[in-house]
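Reviewing the structure listed below.
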Amino acid sequence: MKRLQDVKTNEAVDLYYPTMCKVIGAKQITEMEKWYELQMPAGQDLGHEPGQFVEVSAFGIGEAPISISSSPSKKGSFELCIRQVGMLTNVLKKYKQGDMMGIRGPFGHGYPIDKLLGKDILIIAGGIGLVPLRSLINYVLDNRQDFGRLIILYGAKSPAELLFKEEIAVWESREDVEVYVTVDQPDDSWTGHTGVITTLIPGLKLNLDTTMAAITGPPIMYKFVIMSLKSKQFHDDHIYVSLERRMKCGVGKCGHCQINGIYCCQDGPVFNYTDIKALEEAL
Amino acid sequence: MECFSLLRADVPALIDHLGKFGEVVAPHGKGDVSYSFEVVQNSKDVVLDYNRTLLPLKKQFLPPIEKLMDFSLKDLSFKPIELEIKPKVFFAIHSYEMQSILRLDHSMLSGHVESNYLTRRKNSRFVGISFTPDDFHFSESVGIGIQEMEGFDLFLSELDDDFQLFVLTENGRSLIQSFKSMKTAEVEVEVKHEFKKKIRYHYNRLPKIFQYAYHSDVWANVAERCVGCGACTLTCPTCFCFDVSDEVGVTAEDGLRQRSWDSCMLSTFAEVAGGENFREKTINRTRHRLFRKFKYITDEEGLPWCVGCGRCTAFCPAGISLPDIVNELIQEDEKAQYHKTIRV
């Protein structure tokens, strides 16, 4: 147990003060989602791992945990992509180039790059799950020689909800990336694959010993994707998931993000599947 | 251990003397049946025989609402709060209350160290007092006796209607320096009070009970009676969950960010944007509360995170009793063991 006498006065930190970052780029990319590029006050790097999150702050409304969408290999700025679903995010919708956004973090644990090095990377993104996974995808692309195959499965409800379309087109054009995009509800212009994301899994040819999967999507998606992977005898400890919770503090105190006994904001949001599969509140 | 005898009539003089160190906070009567920790104005108003205060001592270290910053909406700047933290002596504190502060220390000081909490803690002194357990106290069941003195600087132990004053730390010694109204005495600890409320097993055996309690039928019974008001967590001395929120002034030019006590027993506590709720049902929440007290932190630190003050039970509008829940889990486990034996 940590005791008062073990703590020195200078160990205390002011945990709740945001850093004001300048919006240097902003674009509404779908009806619901807006992309932002942000710069730290002195142009320094945020210093994050792929998969980590920040607390975004708008004075007068509050804070919300938001995934970092850019790779740490991108220097001088970082990117967020925010779905407008609540009070705060609807205020953030109005933020444009030149505005200041409050940021705390980065917080938590991202993808363990050391465990992914040299491995085939299977990305499975549902909806805005692509936002945090994009930080990993671009990290792999920026360090392409350090990884094996890069396979990206991305599913959205409809073609209009697909994020980062231009970037996906670039990924598709590369010979060293395998990209499979699917939508549940196609429109007339859609020529691609139709169906939920799990329909993309059976056809995959994977080397089970060298493939690591990173899954992010709506809560309902995890069960079915993991079931499909397991029907291919995919190893549990080769699966990483990123979980959404309502982190209020980001520093393991406020209790909102607790999944049974663990704090998602500290131990996650990225977890190895073996660490959470026994936790009933996780998926 | 240094020990003095102190007459009950001289306690107000001791309180006045402690005032030299800083503000003295002590139990006061509130209405006919309730007590609360208040700053002492007149040392004769301090109540020495009280069962429990409504709100625990955590309030003094983690205020129910604490301002984190002022901000301006005109230029989007913010100003951190400059805390003025005065030295305080907490007087006539029960052993379980002190143990709750030691547990809060762990929660607030491990990992990220909370600055306001740390400053308040470093500037406080504690004077304990023995108490007579009522129908709700069960601290002995979680390993905290009436005379448990860990964490205190001084301790008043009732003896023949007067007190023995134990000096436990250097800080304690300097608190009573030059205080004359007491005499050196032989250590004599009177143990006459029995706890009426008990958890049937020694707390060492509870981790085993909670290991298999997740799918117990007991939770549904509790959830059926629980009204989800959150009184149990607000009055719990080791609960510390909070919310962070902004308030804007009437002119809409400035505002403040604050944190306030929150409760995992409230229905929206684990809800995320878009409406997904990870502890949607009352049964999930009642179980979470008990697991927070007897499993999650306990597995790591080896101590129950419940200190047996009895507040959650005494103040529950639906009459839900925490020790009874634990006893029901024990009973259920015993039944399961019994059936297992028969089957073999």
Report task. Compute the whole-percent fraction of alpha carbon pairs in the range A:113-276 spaced more than 18 Å apart. Result -> 60 percent
Query raised in the report: Counting Lys and Arg as +1 and Asp and Glu as -1, each charge on the Cβ, what is the dipole of the range B:246-313 about the Cα centre in debye, to the nearest 20?
Result: 620 debye
Query - Candidates B:M98, B:M108, B:M69: whichever shows maximal mean-square fluctuation once chain B is modelled as a Gaussian network with Cα springs under 10 Å - result: B:M69
Requested in this report: Have a look at A:P65, A:A26, A:L15 and report the one farthest towards the positive end of the charge dipole of the range A:11-107, computed about the Cα centre with Cβ charges (Lys/Arg +1, Asp/Glu -1).
Outcome: A:A26
Query raised in the report: Which distance in nm do the two modelled labels at A:N143 and B:E186 give, with both placed 7 Å along the Cα-to-Cβ direction?
Result: 7.3 nm
Query raised in the report: Across 20 Å bins from 0, what is the distribution of all Cα-Cα pair distances for the protein assembly as shown, in whole percents?
Result: 17, 44, 29, 9, 1
Query raised in the report: Which whole-angstrom value gives the distance between the alpha carbon centres of the range B:218-247 and the range A:214-283?
Result: 25 Å
Report summary line: Among the DSSP H helices of chain B, those whose Cα atoms extend at least 24 Å along the helix axis and whose mean Kyte-Doolittle hydropathy is -1.0 or higher are B:322-343
Report summary line: Of B:E97, B:E332, B:E186, the most mobile residue in a GNM of chain B (C-alpha springs, cutoff 10 Å) is B:E186
Query - Calculated P(r) of the range B:2-184 - Cα pairs past 22 Å, % - result: 49 percent
**Report entry** Under 22 Å, Cα to Cα: Lys pairs in the range B:2-184, sequence gap 8 or more or different chains
**Finding:** 28
Report summary line: Note on the range B:1-150: contact order normalised by length, alpha-carbon pairs under 8 Å, 6 or more apart, percent, works out to 23 percent
Query raised in the report: Cysteines of chain B lacking any other cysteine beta carbon under 4.7 Å?
Result: B:C3, B:C226, B:C229, B:C241, B:C264, B:C306, B:C309, B:C316
Requested in this report: Write down the radius of gyration of chain A and its Dmax, each obtained from C-alpha positions, in Å.
Outcome: 19.0, 68
**Report entry** Cα long-axis angle, helix A:130-142 against chain A (0 to 90 degrees, to the nearest 10)
**Finding:** 80 degrees
Query raised in the report: What is the ratio of the Cα radius of gyration of the range B:185-251 to 2.2 N^0.38 Å, where N is its residue count, to two decimals?
Result: 1.91
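Calculate the dipole size of the range B:2-184 relative to its Cα centre from +1 charges on Lys and Arg beta carbons and -1 charges on Asp and Glu beta carbons; express the result in debye to the nearest 20.
Values: 20 positive and 27 negative charges, 146 e Å.
Magnitude of the dipole: close to 700 debye.
Quick one: what do you get for chain B if you divide its Cα Rg by 2.2 N^0.38 Å? Intermediate values should be presented prior to the final figure.
On the way: Rg = 22.3 Å, N = 344, 2.2 N^0.38 = 20.2 Å.
Its radius of gyration relative to the 2.2 N^0.38 Å reference: 1.10.
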Query raised in the report: Could you list log10 I(q)/I(0) for the range B:212-344 at q = 0.16, 0.17, 0.18, 0.19 Å⁻¹, which the Debye formula gives when each Cα is one point scatterer?
Result: -0.90, -0.99, -1.07, -1.15
Report task. May I have the count of lysine pairs in the range A:113-276 with C-alpha atoms under 19 Å apart, counting pairs 8 or more residues apart or located on different chains? Result -> 8
Query raised in the report: Taking a label point 7 Å from the Cα of B:K79 along the Cα→Cβ vector, which residues of the range B:244-277 have an amide N closer than 14 Å to it?
Result: B:254-257
Report task. Any chance you could check the Cα centroid distance between the range B:254-329 and the range A:1-78 for me, in angstrom? Result -> 30 Å
Report summary line: Checking B:F90, B:F195, B:F179 against a Gaussian network model of chain B (alpha-carbon springs below 10 Å), the top fluctuating residue turns out to be B:F179
Query raised in the report: the range B:133-196: D in µm²/s via Stokes-Einstein (Kirkwood Rh, Cα pairs, 20 °C, 1.002 mPa s)?
Result: 159 µm²/s
Query raised in the report: Out of every Cα-Cα pair in the range A:11-107, what percent are more than 17 Å apart?
Result: 46 percent
Report task. Calculate the dipole size of chain B relative to its Cα centre from +1 charges on Lys and Arg beta carbons and -1 charges on Asp and Glu beta carbons; express the result in debye to the nearest 20. Result -> 680 debye
**Report entry** Value in Å of the Kirkwood radius, where the range B:276-324 supplies the Cα pairs that are averaged
**Finding:** 12.0 Å
Query raised in the report: Once you treat every alpha carbon in the range B:87-222 as an equal point and sum by Debye, what is log10 I(q)/I(0) at q = 0.09, 0.13, 0.22 Å⁻¹?
Result: -0.38, -0.73, -1.33
Report summary line: Applied in sequence order to the range A:206-221, the curve 6.51 cos²θ - 1.76 cosθ + 1.60 (Karplus, θ = phi - 60°) yields integer Hz couplings, x standing for Gly and Pro, of 10, 8, 4, 7, 10, 9, 10, 9, 10, 10, 9, x, x, x, 5, 5
**Report entry** Relative contact order [Cα under 8 Å, 6+ residues apart], the range A:113-276, whole percent
**Finding:** 21 percent
Report summary line: For the range B:215-287, the charge dipole (Cβ of Lys, Arg +1; Cβ of Asp, Glu -1; about the Cα centre) points to a positive end, and the Cα of B:V222, B:M265, B:T235 closest to that extreme belongs to B:V222
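Since every read-out is calculated from the coordinates, none of them should be taken as a lab result. Values in this document were obtained by computation on a predicted structure and should not be read as measured data. Note that each Cβ is placed from the backbone with ideal geometry, even for glycine, and that neighbours are counted across all protein chains shown.
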